[in-house]
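A short write-up of the structure that comes next.
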Amino acid sequence: MAYDDLRSFLDTLEKEGQLLRITDEVLPEPDIAAAANATGRIGENAPALHFDNVKGFTDARIAMNVHGSWANHALALGLPKNTPVKEQVEEFARRWDAFPVAPERREDAPWRENTQEGEDVDLFSVLPLFRLNDGDGGFYLDKAAVVSRDPEDPDDFGKQNVGTYRIQVIGTDRLAFQPVPMHDVAQHLRKAEEKGEDLPIAITLGNDPVMAIVAGMPMAYDQSEYEMAGALRGAPAPIATAPLTGFDVPWGSEVVIEGVIESRKRQIEGPFGEFTGHYSGGRRMPVIRVDRVSYRTNPVFESLYLGMPWTECDYLVGPNTCVPLLKQLRAEFPEVQAVNAMYTHGLMVIISTAKRYGGFAKAVGMRAMTTPHGLGYVAQVILVDEDVDPFNLPQVMWAMSAKVNPKDDVVVIPNLSVLELAPAAQPAGISSKMIIDATTPVAPDVRGNFSTPAKDLPETAEWAARLQRLIAARG
Amino acid sequence: MNHLPVECPRCAFEEISLLATSPVPGVWDVVQCGRCLYTWRTIEPARRTRRDAYPDSFKLTAQDIENAIEVPAVPPLLK
């Protein structure tokens, strides 16, 4: 089942018992963020939250934690809500192979219902904005799909980027914007600023659930997020033309904000509680002038809480970070079985692989660090054997404890690139990186005493599936 | 609300401007510091709205703001 907008997905979450409506009056701060923070502390199948009685507001509708559990992530992909995580990742990887699926252009976007332009733009009158963490510099848009085009190749549909970036509201019509240098929009901005030109931008809020997943996905520069959304949905992604920029934006968005990143300008932004579980420092960042806002009547303002993991953002970008690394590694190393890159956007990755010859696993680890996403993230890699499930942390810890001889199996490489937000980087943007080879050595790397491993019984896999079926049938 | 706060809880700057008022009249205002751009709602807890209760670890000085790094750096203009 493919959802064309946020509202239809919220309906499904409610029918599946995965949406909690909070109708008592709440404070905009700290209640909304604290409630969303709490969803990450009450178990893996926490519900989405919907608030419509917020002190001082008359028409506020706020959705939080929409992707914030494995059950909700499964439902976003149209899977049964009890689908195990490893199966969600495998299904994600299987659907990836349908890429590209051309989008479907529609003209009747519901966000055309209302418009603010020029001096009439007032984001506070459209959005029930609120703050998340105590040390945040202000109110943020943190779950938008941001659309920009390559200024040198504006007609290339694939190079049009749809990404999630953090955006601070610093005025009624002004935003501060964080483009991480490794990300596509930073390349667009650099090309525009080299020519002294503003970069047009469209920011879409309250999108269908797969759009949120692909916007947070580390895809190749010239791959279209809309064509990937079609593959993951199993149906063309509905898009529409944004009225001011002419960009392609999701048809089903609640709000579409258009404007420009003002060329060669930086202004203080932040700090902000981040996905790393630490605050970013206050930095001078690009600023956006908003020229037009289009929005559905009574828009649902979707946001997410982020802070010390796990939070919604970890569920949202967990599988979508695993799959590109899995595909890129397998392209050259078909021995790779599975990739778990769910820890803080892939700053730490666990890879299971068969070995071609001695030393092979370490090569797989080094390749993970040189993938496009790995350049900015993968700082620690744990390699495990092909029969270890990298999503099963007790198995991974067993491999670490039984297979690792630190002198030979831990490799530290100094001064590699990492995103500036990594708290351990020194200086910001530079880190050493580590490979832990927890695979069994194979010839000619003959070390240790691994000749008699205890293996699962041959009938165990069949029994595991049988037990899962029996448990599911029990409801 | 009747009057704006007199100083920024974060950087102690004394120019505070009004960004928004509550749709239900008189419940809260959203205000902003003219220097560090810190933005807060007037009914937030004291730890976010009052200088004397604001955590030291989040305070900023004029120097912090001036010396903050640019991300991303502004590239050279192409000739």
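Tabulated results
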quantity: Filtered residues of the stretch A:391-424 (kept if surrounded by 12 or more Cβ atoms within 10 Å (Cβ to Cβ) and part of a strand (DSSP E or B)); calculated: A:410, A:411, A:413, A:416, A:417
quantity: Checklist (1) at the interface with chain A (Cβ under 9 Å from one of its Cβ atoms); (2) over 22 Å from residue A:57 (Cβ atoms) applied to residue B:67, failing item; calculated: (1)
quantity: Residue check, residue A:427 open to solvent by 50 Å² or more (accessible area, probe 1.4 Å) and touching a residue at least 12 places away in the same chain (Cβ under 8 Å); calculated: no
quantity: Verdict on residue A:446 being farther than 25 Å from residue A:220 by Cβ and of a type in the set (A, V, I, L, M); calculated: yes
quantity: Condition check for residue A:12: open to solvent by 10 Å² or more (accessible area, probe 1.4 Å), among the polar types (S, T, N, Q) and in a helix (DSSP H, G or I); calculated: yes
quantity: Near pairs, Cβ below 8 angstrom, 6+ apart or cross-chain, from the stretch B:50-63 (at the interface with chain A (Cβ under 9 Å from one of its Cβ atoms) and without any contact (Cβ under 8 Å) to a residue 40 or more places away in the chain) to any residue that is surrounded by 15 or more Cβ atoms within 10 Å (Cβ to Cβ) and charged (D, E, K, R); calculated: B:55/A:134
quantity: In the stretch A:176-185, residue farthest from the other protein chains (Cβ to nearest Cβ) [restricted to those that are among the aliphatic types (A, V, I, L, M) and open to solvent by less than 10 Å² (accessible area, probe 1.4 Å)]; calculated: A:185
quantity: Residue check for residue A:355: of a type in the set (D, E, K, R) and surrounded by 16 or more Cβ atoms within 10 Å (Cβ to Cβ); calculated: yes
quantity: Members of the stretch A:25-44 that are open to solvent by 50 Å² or more (accessible area, probe 1.4 Å), under 19 Å from residue A:274 (Cβ atoms) and not in a helix (DSSP H, G or I); calculated: A:41
quantity: Per-region count, the stretch A:222-247, residues open to solvent by less than 10 Å² (accessible area, probe 1.4 Å), touching a Pro at 6+ places or on another chain (Cβ under 9 Å) and of a type outside the set (S, T, N, Q); calculated: 9
quantity: Every residue from the stretch A:172-185 that is modelled with pLDDT of 95 or more and either among the aliphatic types (A, V, I, L, M) or at positive phi (or both); calculated: A:175, A:176, A:185
quantity: Considering residues of the stretch A:250-263 that are touching a helix residue (DSSP H, G or I) at 6+ places or on another chain (Cβ under 7 Å) and within 14 Å of chain B (Cβ to nearest Cβ) only, the residue least open to solvent (accessible area, probe 1.4 Å); calculated: A:261
quantity: Selection count, the stretch A:148-164, where residues are open to solvent by less than 10 Å² (accessible area, probe 1.4 Å) and within 17 Å of residue A:291 (Cβ to Cβ); calculated: 1
quantity: Selection within the stretch A:430-468 - of a type outside the set (A, V, I, L, M) and surrounded by 16 or more Cβ atoms within 10 Å (Cβ to Cβ); calculated: A:431, A:433, A:437, A:439, A:440, A:441, A:445
quantity: Residue list for the stretch A:45-78, filter: part of a loop (DSSP other than H, G, I, E, B) and either within 14 Å of chain B (Cβ to nearest Cβ) or free of Cβ contacts under 8 Å to residues at least 60 places away in the same chain (or both); calculated: A:45, A:46, A:47, A:52, A:53, A:55, A:56, A:57, A:58, A:59, A:60, A:61
quantity: Subset of the stretch A:81-104 (residues that are among the basic types (Lys, Arg) and within 13 Å of residue A:323 (Cβ to Cβ)); calculated: A:86, A:94, A:95
quantity: Any hit, the stretch A:165-174, residues being among the aromatic types (Phe, Trp, Tyr), within 21 Å of residue A:280 (Cα to Cα), open to solvent by less than 10 Å² (accessible area, probe 1.4 Å) and touching a strand residue (DSSP E or B) at 6+ places or on another chain (Cβ under 9 Å); calculated: no
quantity: Residue tally, condition touching a Lys or Arg at 6+ places or on another chain (Cβ under 9 Å) and surrounded by 16 or more Cβ atoms within 10 Å (Cβ to Cβ), over the stretch A:110-122; calculated: 4
quantity: Positions within the stretch A:168-180 being closer than 21 Å to residue A:216 by Cα and touching a residue at least 60 places away in the same chain (Cβ under 8 Å), in sequence order; calculated: A:168, A:175, A:176, A:177, A:178, A:179, A:180
quantity: Counted residues, the stretch A:197-221 - those being at pLDDT 95 or above and open to solvent by 20 Å² or more (accessible area, probe 1.4 Å); calculated: 3
quantity: Residues that are part of a loop (DSSP other than H, G, I, E, B) and crowded, with 18+ Cβ neighbours inside 10 Å, drawn from the stretch A:375-390; calculated: A:376, A:377, A:378, A:379, A:388, A:390
quantity: Selected residue [at pLDDT 95 or above and over 24 Å from residue A:335 (Cα atoms)] from A:394, A:423, A:414, A:427; calculated: A:414
quantity: Residue that is nearest to residue A:76 (Cα to Cα) [pool: residues in the stretch A:169-227 that are part of a helix (DSSP H, G or I) and among the small types (Gly, Ala, Ser)]; calculated: A:212
quantity: Strands (runs of 3 or more DSSP E) within chain B that include 2 or more residues surrounded by 16 or more Cβ atoms within 10 Å (Cβ to Cβ) and in contact with a helix residue (DSSP H, G or I) (Cβ under 7 Å, 6 or more places away or on another chain); calculated: B:16-21
quantity: Selection count where residues are under 22 Å from residue A:218 (Cα atoms) and either open to solvent by less than 20 Å² (accessible area, probe 1.4 Å) or of a type in the set (Lys, Arg) (or both), scope the stretch A:358-374; calculated: 7
quantity: Residue ranges of strands (runs of 3 or more DSSP E) in the stretch A:105-167 with at least 1 members without any contact (Cβ under 8 Å) to a residue 40 or more places away in the chain, at the interface with chain B (Cβ under 10 Å from one of its Cβ atoms) and within 30 Å of residue A:38 (Cα to Cα); calculated: A:139-141
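The values are calculated or read from the model by the stated rules, or taken from the named source; none is laboratory data. As the structure is a prediction and not an experimental result, all values here were calculated from the model. So basically every Cβ, Gly included, is an ideal-geometry build from the backbone, and we count neighbours across all protein chains shown. The protein model used for the area step is the full one, side chains on, heavy atoms only, and it has no ligands, DNA or RNA in it. Shrake-Rupley method; radii C 1.70, N 1.55, O 1.52, S 1.80 Å.
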